[in-house]
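Asks: First, the structure itself, so that you have it in front of you.
The values are calculated or read from the model by the stated rules, or taken from the named source; none is laboratory data. Since this is a predicted model, take the numbers as computed values, not measurements. Note that we place each Cβ from the backbone using ideal geometry, even for glycine, and neighbour counts take in every protein chain shown. Keep in mind that these areas ignore ligands, DNA and RNA; they rest on the heavy atoms of the full protein, side chains included. Shrake-Rupley method; radii C 1.70, N 1.55, O 1.52, S 1.80 Å.
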Number of protein chains: 2
Amino acid sequence: MAPSSDAVPGTSVTAGPDLAGVDLVTVLQALSDPVRLEMVRQLAHCPGTGELACGQLQLPVSKSTVSHHLRVLHDAGVIAYREEGTRKYAFLRREELDDRFPGLLPSVVRCCTGEPTTAEA
Amino acid sequence: MAPSSDAVPGTSVTAGPDLAGVDLVTVLQALSDPVRLEMVRQLAHCPGTGELACGQLQLPVSKSTVSHHLRVLHDAGVIAYREEGTRKYAFLRREELDDRFPGLLPSVVRCCTGEPTTAEA
(Lines give C-alpha, C1' and ligand atoms only; values in the text may rest on other atoms or scores of the structure.)
Protein backbone atom coordinates (compact mmCIF):
# COMPACT_ATOMS: atom_id res chain seq x y z
CA MET A 1 0.00 0.00 0.00
CA ALA A 2 1.16 3.53 -0.69
CA PRO A 3 2.43 5.43 2.34
CA SER A 4 -0.12 7.89 3.67
CA SER A 5 0.51 11.28 5.21
CA ASP A 6 -2.47 10.61 7.48
CA ALA A 7 -0.63 7.76 9.11
CA VAL A 8 2.56 9.61 9.88
CA PRO A 9 2.24 13.02 11.56
CA GLY A 10 4.80 15.55 10.37
CA THR A 11 5.03 14.14 6.86
CA SER A 12 3.45 15.26 3.62
CA VAL A 13 2.76 13.33 0.44
CA THR A 14 3.23 14.86 -3.03
CA ALA A 15 0.93 12.65 -5.01
CA GLY A 16 1.49 13.96 -8.52
CA PRO A 17 -1.08 14.24 -11.30
CA ASP A 18 -4.55 12.70 -11.31
CA LEU A 19 -4.00 9.52 -13.34
CA ALA A 20 -7.38 9.95 -15.04
CA GLY A 21 -5.73 12.75 -17.02
CA VAL A 22 -2.53 10.83 -17.85
CA ASP A 23 -2.48 8.91 -21.13
CA LEU A 24 -0.71 5.66 -21.92
CA VAL A 25 1.86 7.33 -24.18
CA THR A 26 3.01 9.58 -21.31
CA VAL A 27 3.51 6.60 -18.99
CA LEU A 28 5.29 4.54 -21.65
CA GLN A 29 7.58 7.50 -22.46
CA ALA A 30 8.39 7.87 -18.77
CA LEU A 31 9.25 4.18 -18.51
CA SER A 32 11.26 3.97 -21.73
CA ASP A 33 14.60 5.08 -20.35
CA PRO A 34 17.23 2.81 -18.77
CA VAL A 35 17.80 5.01 -15.70
CA ARG A 36 14.09 5.45 -15.01
CA LEU A 37 13.44 1.77 -15.57
CA GLU A 38 16.13 0.95 -13.03
CA MET A 39 14.53 3.40 -10.55
CA VAL A 40 11.19 1.64 -11.02
CA ARG A 41 12.86 -1.75 -10.59
CA GLN A 42 14.53 -0.70 -7.31
CA LEU A 43 11.33 0.85 -5.97
CA ALA A 44 9.35 -2.25 -6.93
CA HIS A 45 11.73 -4.50 -5.03
CA CYS A 46 12.56 -2.42 -1.98
CA PRO A 47 11.54 -4.23 1.18
CA GLY A 48 9.29 -2.92 3.93
CA THR A 49 7.21 0.16 3.31
CA GLY A 50 7.75 0.18 -0.48
CA GLU A 51 9.51 3.52 -0.42
CA LEU A 52 13.12 4.61 -0.78
CA ALA A 53 14.79 7.85 0.24
CA CYS A 54 15.78 9.43 -3.07
CA GLY A 55 19.42 9.27 -2.00
CA GLN A 56 19.16 5.51 -1.50
CA LEU A 57 18.61 4.82 -5.18
CA GLN A 58 21.72 3.11 -6.54
CA LEU A 59 22.34 4.67 -9.93
CA PRO A 60 25.49 5.46 -11.92
CA VAL A 61 24.40 9.04 -12.59
CA SER A 62 24.78 12.42 -10.90
CA LYS A 63 22.39 13.71 -8.24
CA SER A 64 20.93 16.27 -10.65
CA THR A 65 20.32 13.56 -13.25
CA VAL A 66 18.56 11.46 -10.61
CA SER A 67 16.37 14.47 -9.79
CA HIS A 68 15.51 14.97 -13.45
CA HIS A 69 14.49 11.34 -13.95
CA LEU A 70 12.49 11.27 -10.71
CA ARG A 71 10.63 14.35 -11.91
CA VAL A 72 9.74 12.67 -15.22
CA LEU A 73 8.39 9.62 -13.35
CA HIS A 74 6.51 11.85 -10.93
CA ASP A 75 4.96 14.02 -13.65
CA ALA A 76 3.79 10.90 -15.51
CA GLY A 77 2.10 9.62 -12.36
CA VAL A 78 4.41 6.63 -11.92
CA ILE A 79 5.82 7.68 -8.54
CA ALA A 80 4.85 9.95 -5.65
CA TYR A 81 6.89 11.42 -2.82
CA ARG A 82 6.58 11.49 0.93
CA GLU A 83 8.51 14.22 2.68
CA GLU A 84 9.56 13.83 6.27
CA GLY A 85 11.57 16.74 7.61
CA THR A 86 14.38 17.23 5.10
CA ARG A 87 14.16 13.70 3.70
CA LYS A 88 12.20 12.83 0.60
CA TYR A 89 11.02 9.29 -0.03
CA ALA A 90 9.79 8.01 -3.40
CA PHE A 91 7.30 5.21 -3.93
CA LEU A 92 5.43 3.69 -6.86
CA ARG A 93 1.74 4.55 -7.31
CA ARG A 94 1.05 0.85 -7.81
CA GLU A 95 -2.64 0.65 -7.05
CA GLU A 96 -3.65 3.82 -8.87
CA LEU A 97 -1.57 2.83 -11.91
CA ASP A 98 -3.12 -0.60 -11.91
CA ASP A 99 -6.60 0.91 -11.84
CA ARG A 100 -5.77 3.18 -14.77
CA PHE A 101 -3.50 0.84 -16.79
CA PRO A 102 -4.28 -2.71 -15.66
CA GLY A 103 -1.29 -5.03 -15.65
CA LEU A 104 1.13 -2.53 -17.19
CA LEU A 105 3.44 -1.79 -14.27
CA PRO A 106 3.63 -5.44 -13.07
CA SER A 107 4.55 -6.61 -16.57
CA VAL A 108 7.21 -3.90 -16.97
CA VAL A 109 8.68 -4.71 -13.54
CA ARG A 110 8.68 -8.42 -14.33
CA CYS A 111 10.36 -7.81 -17.69
CA CYS A 112 13.07 -5.50 -16.37
CA THR A 113 13.84 -7.63 -13.33
CA GLY A 114 15.41 -10.35 -15.43
CA GLU A 115 17.47 -7.95 -17.51
CA PRO A 116 21.00 -6.78 -16.85
CA THR A 117 21.13 -3.20 -15.58
CA THR A 118 21.79 -0.96 -18.55
CA ALA A 119 21.35 2.35 -16.73
CA GLU A 120 23.82 4.87 -18.05
CA ALA A 121 24.36 8.59 -17.63
CA MET B 1 -0.28 -17.54 -35.02
CA ALA B 2 2.11 -15.48 -37.10
CA PRO B 3 1.76 -15.91 -40.82
CA SER B 4 4.42 -18.17 -42.24
CA SER B 5 6.13 -17.95 -45.62
CA ASP B 6 6.25 -21.76 -45.60
CA ALA B 7 2.47 -21.90 -45.73
CA VAL B 8 2.00 -19.51 -48.63
CA PRO B 9 4.15 -20.11 -51.72
CA GLY B 10 5.31 -16.91 -53.40
CA THR B 11 5.45 -14.88 -50.18
CA SER B 12 8.38 -13.93 -47.98
CA VAL B 13 8.47 -12.92 -44.34
CA THR B 14 10.75 -10.15 -43.05
CA ALA B 15 10.97 -11.17 -39.44
CA GLY B 16 13.05 -8.33 -37.99
CA PRO B 17 15.65 -8.58 -35.23
CA ASP B 18 16.21 -11.56 -32.96
CA LEU B 19 14.28 -10.55 -29.83
CA ALA B 20 16.96 -12.03 -27.60
CA GLY B 21 19.05 -9.00 -28.55
CA VAL B 22 16.29 -6.43 -28.07
CA ASP B 23 16.05 -4.78 -24.65
CA LEU B 24 12.96 -3.58 -22.83
CA VAL B 25 13.82 0.11 -23.27
CA THR B 26 13.86 -0.29 -27.06
CA VAL B 27 10.42 -1.93 -27.08
CA LEU B 28 8.96 0.67 -24.68
CA GLN B 29 10.40 3.50 -26.79
CA ALA B 30 8.84 1.96 -29.90
CA LEU B 31 5.47 1.72 -28.17
CA SER B 32 5.54 5.18 -26.59
CA ASP B 33 4.17 7.14 -29.52
CA PRO B 34 0.48 7.77 -30.27
CA VAL B 35 0.69 6.79 -33.95
CA ARG B 36 2.64 3.59 -33.25
CA LEU B 37 0.34 2.68 -30.39
CA GLU B 38 -2.63 3.06 -32.72
CA MET B 39 -0.90 0.82 -35.29
CA VAL B 40 -0.39 -1.82 -32.61
CA ARG B 41 -4.00 -1.49 -31.51
CA GLN B 42 -5.32 -1.95 -35.06
CA LEU B 43 -3.02 -4.93 -35.70
CA ALA B 44 -4.04 -6.49 -32.38
CA HIS B 45 -7.70 -6.26 -33.25
CA CYS B 46 -7.71 -7.05 -36.95
CA PRO B 47 -9.82 -10.11 -37.67
CA GLY B 48 -8.74 -13.24 -39.51
CA THR B 49 -5.06 -13.86 -40.11
CA GLY B 50 -3.86 -11.16 -37.71
CA GLU B 51 -2.20 -9.16 -40.45
CA LEU B 52 -3.05 -5.95 -42.27
CA ALA B 53 -1.79 -4.64 -45.59
CA CYS B 54 0.21 -1.56 -44.62
CA GLY B 55 -2.17 0.58 -46.70
CA GLN B 56 -5.13 -0.70 -44.67
CA LEU B 57 -3.95 0.98 -41.46
CA GLN B 58 -6.32 3.86 -40.71
CA LEU B 59 -4.11 6.72 -39.54
CA PRO B 60 -4.31 10.50 -39.87
CA VAL B 61 -0.74 10.78 -41.13
CA SER B 62 1.02 10.73 -44.49
CA LYS B 63 2.17 7.54 -46.19
CA SER B 64 5.82 8.38 -45.50
CA THR B 65 5.05 8.95 -41.81
CA VAL B 66 3.29 5.58 -41.69
CA SER B 67 6.40 3.99 -43.23
CA HIS B 68 8.65 5.64 -40.66
CA HIS B 69 6.57 4.44 -37.72
CA LEU B 70 6.25 0.92 -39.16
CA ARG B 71 10.04 0.83 -39.47
CA VAL B 72 10.48 1.80 -35.80
CA LEU B 73 8.09 -0.97 -34.72
CA HIS B 74 9.81 -3.44 -37.03
CA ASP B 75 13.33 -2.56 -35.85
CA ALA B 76 12.23 -2.96 -32.21
CA GLY B 77 10.87 -6.42 -32.95
CA VAL B 78 7.24 -5.49 -32.36
CA ILE B 79 6.01 -6.26 -35.89
CA ALA B 80 7.14 -8.29 -38.88
CA TYR B 81 6.15 -8.14 -42.53
CA ARG B 82 4.92 -10.64 -45.05
CA GLU B 83 5.36 -9.67 -48.67
CA GLU B 84 3.14 -11.13 -51.34
CA GLY B 85 3.82 -9.82 -54.81
CA THR B 86 3.75 -6.04 -54.48
CA ARG B 87 1.69 -6.05 -51.27
CA LYS B 88 3.23 -5.86 -47.84
CA TYR B 89 1.34 -7.08 -44.80
CA ALA B 90 2.29 -6.24 -41.20
CA PHE B 91 1.59 -8.40 -38.17
CA LEU B 92 2.49 -8.36 -34.48
CA ARG B 93 5.20 -10.76 -33.27
CA ARG B 94 2.89 -11.73 -30.43
CA GLU B 95 4.30 -15.09 -29.38
CA GLU B 96 7.95 -14.12 -29.63
CA LEU B 97 7.32 -10.87 -27.73
CA ASP B 98 5.46 -12.76 -25.06
CA ASP B 99 8.35 -15.18 -24.66
CA ARG B 100 10.83 -12.30 -24.34
CA PHE B 101 8.65 -9.79 -22.39
CA PRO B 102 5.86 -11.79 -20.71
CA GLY B 103 2.57 -9.96 -20.51
CA LEU B 104 3.88 -6.67 -21.88
CA LEU B 105 2.14 -6.52 -25.26
CA PRO B 106 -1.22 -7.81 -23.95
CA SER B 107 -1.23 -5.21 -21.17
CA VAL B 108 -0.33 -2.38 -23.58
CA VAL B 109 -3.03 -3.49 -26.04
CA ARG B 110 -5.58 -3.76 -23.23
CA CYS B 111 -4.65 -0.31 -21.92
CA CYS B 112 -4.77 1.45 -25.30
CA THR B 113 -7.95 -0.25 -26.42
CA GLY B 114 -10.05 1.70 -23.95
CA GLU B 115 -8.43 5.02 -24.77
CA PRO B 116 -9.59 7.54 -27.36
CA THR B 117 -7.39 7.60 -30.45
CA THR B 118 -4.87 10.39 -30.00
CA ALA B 119 -2.78 9.63 -33.06
CA GLU B 120 -1.72 12.86 -34.68
CA ALA B 121 0.61 13.81 -37.50
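Asks: Normalising by the residue count of the range B:39-121, find the relative contact order in percent from Cα pairs under 8 Å and 6+ residues apart. Don't skip to the answer; put the middle values down first.
Replies: Details: 74 pairs, mean separation 28.2, N = 83.
Computed over the range B:39-121, the figure is 34 percent.
Asks: Right, another one. Find the percent of Cα-Cα distances in the protein assembly as shown that exceed 31 Å, and round it to a whole number.
Replies: Here the long-distance tail beyond 31 Å is 29 percent of all Cα pairs in the protein assembly as shown.
Asks: Heavy-atom accessible area per residue, the protein assembly as shown, 1.4 Å probe: how many Å²?
Replies: Result: 49 Å² per residue.
Asks: In whole angstrom, note down how far apart the Cα centers of the range B:14-49 and the range A:8-65 are.
Replies: What the calculation gives is 25 Å, centre to centre.
Asks: Kindly tabulate the residues in the range A:7-41 with an accessible-area decrease of at least 30 Å² between the chain alone and the assembly of all protein chains, using a probe of 1.4 Å.
Replies: Residues shielded by partner chains are A:24, A:25, A:28, A:32, A:37.
Asks: Then there is this: Could you tell me what percent of the accessible area of the protein assembly as shown is made up of carbon and sulfur, with a 1.4 Å probe and every protein chain present?
Replies: Here carbon and sulfur together make up 50 percent of the probe-accessible area.
Asks: Ignore the peptide's own chain and count Cβ atoms of other chains within 10 Å of each Cβ in B:97-103; give me the average, rounded.
Replies: 3
Asks: With solvent modelled as a 1.4 Å probe, how much accessible area in total do chains B and A shield from it at their shared surface, in Å² to the nearest 100?
Replies: Rounded to the nearest hundred, the buried surface is 1700 Å².
Asks: A further question follows. In whole Å and largest first, what semi-axes does the C-alpha gyration tensor of chain A yield when each eigenvalue is scaled by 5 and square-rooted?
Replies: 21, 18, 13
Asks: Would you calculate a helix-derived [θ] at 222 nm for the protein assembly as shown, using -39,500 (n - 2.57) for each DSSP H run of n ≥ 4 and dividing by the full residue count, to the nearest 500?
Replies: When only DSSP H runs of four or more count, the value is -12000 deg cm²/dmol.
Asks: Residues with amide H under 5 Å of residue B:79's amide H, sequence separation 5 or more or different chain, H placed in the peptide plane at 1.01 Å from N; which?
Replies: B:74, B:93
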